[in-house]
Amino acid sequence: MGRKIDPTNKVKRGPGRKARKQKGAETELAKFITDDEPKKLSSRAKKRAFKRTQVTVKPKEEKQPKKGFSDENSEWLTPAKRKRKLEQSEGDEDSDSQWEDEEDLDEEEKEEVEANEDEDDDGDMVDDYGAMEDSSEAEEAEGADSEEEELLPIERAARKQKKMQKATTQEEDEDDDDDDEEEEEDEEDDDEESEDEKMDDKEDEDDTIQMNLDGVDKFKLPGASEREKEELVPLDLQSIHQRIKDNVDVLSHFSEKREEGKERTEYLSLLKSDMCTYYSYNPFLMGKLMDLFPHSELVDFLEANEIQRPVTIRTNTLKTRRRDLAQALINRGVNLDPLGKWSKVGLVIFDSSVPIGATPEYLAGHYMLQGASSLLPVMALSPQEGETVLDMSSAPGGKTTYMAQLMRNTGVIIANDASADRLKSVVGNIHRLGVTNSIICNYDGRQFPKVMGGFDRVLLDAPCSGTGVISKDPAVKTSKDDSDIQRSAHLQKELILAAIDSVNAESQTGGYLVYCTCSIMVEENEWVVDYALKKRNVKLVPTGLDFGKEGFTRFKEKRFHPSLKLTRRFYPHSHNMDGFFVAKLKKFSNTIPTAPADQKEEEEPAEEETPVASEEPSKNSKPAKSKPQQKNKSPSQEKTETKQTSKTISDSKTTEKVVSKNKPAVKSKKLKDDGPKQKKIARMDEEDSKQDKKTKEKLLKVSKVDEETSKKSEAGKKEESLLTKTNKNKKKLLQKKSRMGKNKFKTLKKMLKKQESGL
Amino acid sequence: MCHSFALTAHVPQLCTHCACATVLRQCSHVLYTVLAAPLIPCVSLFLSISAGSLIINLVIMRPLTDEETKTMFEKLSKYIGENIKLLIDRPDGTYCFRLHHDRVYYISEKMLKMATNISRDKLVSVGTCFGKFTKTQKFRLHITALDFLAPYAKYKVWVKPGAEQSYLYGNHIMKSGLGRITENTAQYQGVVVYSMADVPLGFGVAAKNTQECRKVDPMSIVVFHQADVGEYIRCEDTLT
């Protein structure tokens with residue numbers, strides 16, 4: 001009496017249709033409502049559920065004709081389609097797109113077939129929902145926090161049913177007997193239903209759903225008293241989860257769904273605290289993530305961090321081939337698939353009856369356990385045979401060995417790592433995989449240009465905060481704060497400069513550096529690369545990876561070079577690999593651009609020392625303070641200059657060196673970069689020369705002189721070099737600062753006039 | 001100066017590689033002429049070099065002394081016989097052995113030049129480590145040398161799939177696990193152990209010669225374990 005099923009409709013669900021009995025609303029509804037949904041659905045969830053009911057009917061109905069062809073559709077539903085689908089599913093390997101195509105095909109076919117029947121089926125389902133809703137009104141749900149929202153299909157169902165049957169009271173009585181899965185608490189439901197009845201007559205069901213949403217589904221922010229209650233007795237996780245979803249929904253349709261008088265910031269702060277509680281993050285990191293991702297994507301990201309990424313291995317092509325290895329592992333009982341179209345050596349392991357890290361093939365060095373994201377930087381670097389390559393941060397050796405196999409054991413690879421303990425794993429892996437062209441050393445990466453330079457390619461997998469690999473190390477969620485990120489960023493900047501100086505720009509085949517991190521923070525990725533672009537003669541080139549998100553060219557208040565678009569970001573939720581960032585840089589000149597003030601000083605020694613860049617943290621301040629003797633040295637200035645410059649260059653930062661040949665180019669660069677660089681250098685000037693005003697003034701003089709003479713010929717430069725003092729102080733200070741503020745400029749002008757008059 | 005050797009019933013030969021005036025200790029090729037002769041424990045054949053070579057600086061990566069070279073080559077020749085010269089003269093360049101922190105590394109000369117840039121205490125490993133010298137100057141061959149021994153191995157042993165795991169855990173091979181063995185294997189001959197799929201698993205010493213292997217009962221040991229690839233996991237720390 002309650003549920004009336006149109007006998008002309010073919011209810012094709014499950015086996016034994018004839019024997020099918022009405023089993024009650026719960027079981028019926030369970031087929032329409034997916035298991036993913038919690039009992040309390042947000043407005044968006046209701047929409048989705050509605051859509052799902054539209055779609056799910058089709059595949060179910062499709063499958064049956066395919067199987068038995070007992071349907072009337074068997075005439076024109078040919079088996080060829082099924083075969084095509086099967087072939088597609090078997091032929092392709094693991095690409096998601098292939099599965100999506102299949103689904104699209106399915107949906108298309110279903111749409112063709114079942115157009116008419118869908119509506120009726122929806123009606124049937126609507127009946128169930130309607131029944132549910134009516135019955136649930138009588139019951140009160142707990143609902144600790146905000147008011148719960150109704151199911152859209154329930155409303156539709158209710159309205160339709162009322163239309164069709166016009167016996168609401170009878171239905172309600174009968175439906176009350178049914179079991180109730182859904183929890184409804186709102187008194188508004190009654191009001192809404194009355195409204196619905198009025199609306200139904202006039203508008204489409206879809207429109208009324210939308211209207212109902214506006215009227216009904218308001219996510220209310222908890223007030224102060226409720227918050228206090230929560231602090232005493234925390235909410236259960238499920239309700240927090242629901243509140244997060246509701247909040248995200250409201251924020252995405254803010255103008256429509258907001259509560260009057262409540263600001264967006266309140267919603268945001270509630271969302272942040274809820275997500276911190278639910279996913280166990282500390283507020284700092286959560287704030288950073290909220291800046292990076294839009295809210296819905298953020299939820300996906302956080303969910304992806306809770307589960308492990310699939311285990312992947314890399315075939316060692318020095319010893320075996322991928323298909324042979326796959327065959328051998330399958331024989332041992334491992335379930336695997338090729339990694340994707342983008343990799344020829346990767347395999348992803350679904351499950352295995354033997355430990356993957358202990359098979360005889362592993363011990364014989366046929367493969368290596370490695371994350372899929374770690375294959376990317378080496379693919380971007382693509383070292384060629386016979387090259388000299390440096391891996392600055394190589395532990396545990398996965399990327400090093402991949403490079404070696406790409407180079408076929410020719411050339412030389414220097415595998416460096418700052419941690420001696422972790423180097424043992426590098427040694428082990430290198431020997432196990434049969435790499436013979438490697439040298440393993442234990443330096444701090446920042447020292448590397450001094451030790452050796454002139455590499456064809458360099459790979460820098462910088463130590464980072466690890467925010468991309470939270471799934472591997474959940475401790476990152478709570479342990480990272482601002483100082484950690486800043487410290488990492490500082491180290492990475494030093495390392496990338498050292499790496500750039502180790503590359504030989506004139507290499508025949510290379511001159512490339514790949515910088516990568518397993519972090520998603522902009523401070524550690526784009527900012528560091530942008531810093532390198534400003535400080536050295538490098539440019540970004542395409543990585544060669546055609547998938548992945550482009551890097552940011554602007555972020556909050558920061559603005560980066562537009563070529564940052566060529567870098568790539570990878571996320572766990574969108575690419576199913578660890579969070580990663582890859583940037584490929586090409587060095588086009590071995591010279592190191594200096595600040596404009598330092599240009600003249602560095603003429604002579606610059607030529608000698610270009611290949612050996614010295615990029616250590618500046619020790620300028622110490623010698624600068626010790627030698628303020630500018631005025632006394634006139635005749636021997638040139639000689640002492642060279643000596644001192646050579647000394648200072650070895651100690652100071654790289655900004656000092658300019659090859660005379662490249663001066664015009666450098667100068668032009670400096671002129672272009674006058675604006676922002678000057679400000680920075682001015683600030684640095686102030687900091688450094690606080691103690692020694694005289695030297696500061698002298699430096700200002702010099703720098704001023706340098707600036708003026710930068711436009712002149714080299715002869716002018718010589719004069720200026722004479723003027724510029726040979727003191728280490730000056731040079732070092734000058735190295736840092738080529739710009740000055742207004743007052744300094746004025747003082748310099750005065751000094752110059754004096755000098756000129758004196759000369 | 002090059003040194004000539006007096007072998008029993010053999011014409012003394014000059015080292016074919018250092019016909020130029022190189023110091024002997026830098027020429028590790030000297031032995032290859034010696035080993036061209038049938039293998040005799042050729043202990044008495046080496047002449048001592050200038051005293052300079054005897055001053056051993058343990059930290060510096062240095063060429064092997066004669067005695068060390070002799071010891072090591074003896075050990076290697078147990079497994080690969082006179083094919084040692086193939087290790088030194090390779091089509092892609094000349095390779096040599098160097099000693100660093102008591103370990104012997106096998107590297108090409110091109111790599112040697114690059115490695116000299118790195119300071120001794122920071123250098124961890126170069127090329128391939130073949131083994132190490134113990135405190136009493138005995139040479140112990142590591143599993144890391146397997147890739148170079150396996151292709152030139154003279155005597156091979158194949159292990160059945162069931163006994164693979166046991167061998168990889170460091171146990172000796174019993175007759176029941178023995179799949180195949182090359183003919184004419186002498187007792188206490190160095191052998192390289194393979195799986196039935198021809199994947200090298202390690203090396204050992206034959207406990208019995210081929211004839212006896214056929215007769216002996218299934219639970220007796222036929223190959224003594226010396227090194228196996230399982231050590232990459234079990235003894236990761238000692239590889240460095």
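The values are calculated or read from the model by the stated rules, or taken from the named source; none is laboratory data. Note that this is a predicted model, so its numbers are computed, not measured. Methodologically, a virtual Cβ is constructed for each residue, glycine included, from the backbone with ideal geometry; neighbour enumeration extends over all protein chains shown. Heavy atoms of the whole protein, side chains included, go into the accessibility calculation; ligands, DNA and RNA do not. Shrake-Rupley method; radii C 1.70, N 1.55, O 1.52, S 1.80 Å.
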Q: Output yes when any residue across the stretch A:501-513 is farther than 19 Å from residue A:445 by Cα and buried (at least 24 other Cβ atoms within 10 Å of the Cβ), and no when none is.
A: no
Being in contact (Cβ under 8 Å) with a residue 24 or more places away in the chain, within 12 Å of chain A (Cβ to nearest Cβ) and either farther than 25 Å from residue A:455 by Cβ or among the acidic types (Asp, Glu) (or both) narrows B:102, B:92, B:121 down to just B:121
If we keep only residues of the stretch A:529-547 that are without any contact (Cβ under 8 Å) to a residue 60 or more places away in the chain and outside any helix (DSSP H, G or I), then the residue farthest from the chain's Cα centre (by Cα) is A:537
>> Would you confirm whether or not the stretch B:217-235 contains a residue that is in a strand (DSSP E or B), under 15 Å from the mean Cα position of the chain (by Cα) and within 14 Å of chain A (Cβ to nearest Cβ)?
In response: yes
When residue B:135 is run through (1) at pLDDT 90 or above; (2) more than 10 Å from chain A (Cβ to nearest Cβ); (3) in contact with a Lys or Arg (Cβ under 6 Å, 6 or more places away or on another chain), the failure sits at (3)
If you go through B:136, B:182, B:116, B:144, the only one that is open to solvent by less than 10 Å² (accessible area, probe 1.4 Å) and of a type in the set (Ser, Thr, Tyr) is B:144
Within the stretch A:354-383, the residues that are more than 14 Å from chain B (Cβ to nearest Cβ), part of a loop (DSSP other than H, G, I, E, B), in contact with a strand residue (DSSP E or B) (Cβ under 8 Å, 6 or more places away or on another chain) and open to solvent by 10 Å² or more (accessible area, probe 1.4 Å) are A:370, A:371
**OP:** Evaluate the stretch A:314-321: report whether one residue or more is free of Cβ contacts under 8 Å to residues at least 60 places away in the same chain and closer than 20 Å to residue A:425 by Cβ.
**Re:** yes
Restricted to the stretch B:147-167 and to residues being in contact with a Leu (Cβ under 9 Å, 6 or more places away or on another chain) and open to solvent by 10 Å² or more (accessible area, probe 1.4 Å), the residue nearest to the other protein chains (Cβ to nearest Cβ) is B:164
Got at least one residue in the stretch A:328-347 being more than 30 Å from residue B:166 (Cβ to Cβ), of a type in the set (Val, Ile, Thr), away from every other protein chain (no Cβ under 14 Å) and not in a strand (DSSP E or B)? yes
Picking from A:347, A:268, A:289, A:339, the residue that is closer than 24 Å to residue A:377 by Cβ and open to solvent by 20 Å² or more (accessible area, probe 1.4 Å) would be A:339
